[in-house]
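K.L.:
Mind looking over this structure? Questions follow.
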Amino acid sequence: MISPWDRWYSTSCCLCCHVRTGTIILGIWYMLINAVVLLILLSALNDPVQYRYHLTSSELGTDIDVMDDANICIATAISLLMILICGMATYGAYKQHAAWIIPFFCYQIFDFALNTLVAISVVVYPNTVQDYLQQLPGTFPYKEDIMSTNNMCLVFAVLLFVGCILSFKAYLIGCVWNCYRYVSGRGTTEVLVYVTTNDTTVLLPPYEEAVAIPPKEPPPQYMEA
């Protein structure tokens, strides 16, 4: 009987490249995104007056700093950690070290679980969509038009959008998992072949002796009667 893991196992992703190549591309892409976020956060720390976002008193009645220095430092640490995890996954897929891919796979599972909780919260509490729209600033484009839409249509649109994101993330999780299985299985196969080769060398005679053709005996001499 084939297990579900073996049924969905494949060494190709996106119908064109190997799972190792896909994992390397995905790790580099995540590193680039987090590097851009890290540069923005470092710029905000160096020049907080220019990059800090203020909500005017005409919108909420008070002047509130959405992101202070403590939150920027926490976000910077998270970005550095993500760059490290993505770099480990890229290096592990390139050098075929399965253990280096595990942190990135765990991050994908955690991110998928958070997005699933968002979808569940929208289904259980559909009014949260309207509450979120009301918290947006007045300068947000098409805010009034979106709020005038039926609440059920908004919930359906949000669920459809989140569902597409979850499907894409699940596919990426499967690609990284298949890469981990491929790399770990390849390492196990190499170890078995090495051990078998050593045993064969000990048990069998040398190759020259095994394939040497024994010399032919000379024909008997002709004896006259």
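The values are calculated or read from the model by the stated rules, or taken from the named source; none is laboratory data. In this text the structure is predicted, and so the values were computed from the model without any measurement. Glycine gets a Cβ as well: all are built from the backbone with ideal geometry, and neighbour counts include every protein chain shown. Surface accessibility is based on the protein's heavy atoms, side chains included, excluding ligands, DNA and RNA. Shrake-Rupley method; radii C 1.70, N 1.55, O 1.52, S 1.80 Å.
K.L.:
With a 1.4 Å probe and all protein chains in place, put CYS179, CYS153 in order of accessible area, largest first.
P.N.:
Reading off the accessible areas and sorting them downward yields CYS153, CYS179.
K.L.:
Provide the FRET efficiency to the nearest 0.05 for the MET152-CYS106 pair, computing r from the beta carbons and using R0 = 45 Å.
P.N.:
Here the calculated transfer efficiency is 0.80.
K.L.:
Within the accessible area of segment 84-166, what % is carbon and sulfur when the probe is 1.4 Å and the other protein chains stay in place?
P.N.:
With neighbouring chains kept in place, the figure for segment 84-166 is 72 percent.
K.L.:
On a full-extension model of 0.36 nm per residue, what is the gain between ASN46 and LEU81, subtracting their alpha-carbon distance, rounded to one decimal in nm?
P.N.:
10.5 nm
K.L.:
Over all pairs of distinct alpha carbons, what does the Kirkwood formula give as the hydrodynamic radius of segment 111-187, in Å?
P.N.:
14.7 Å
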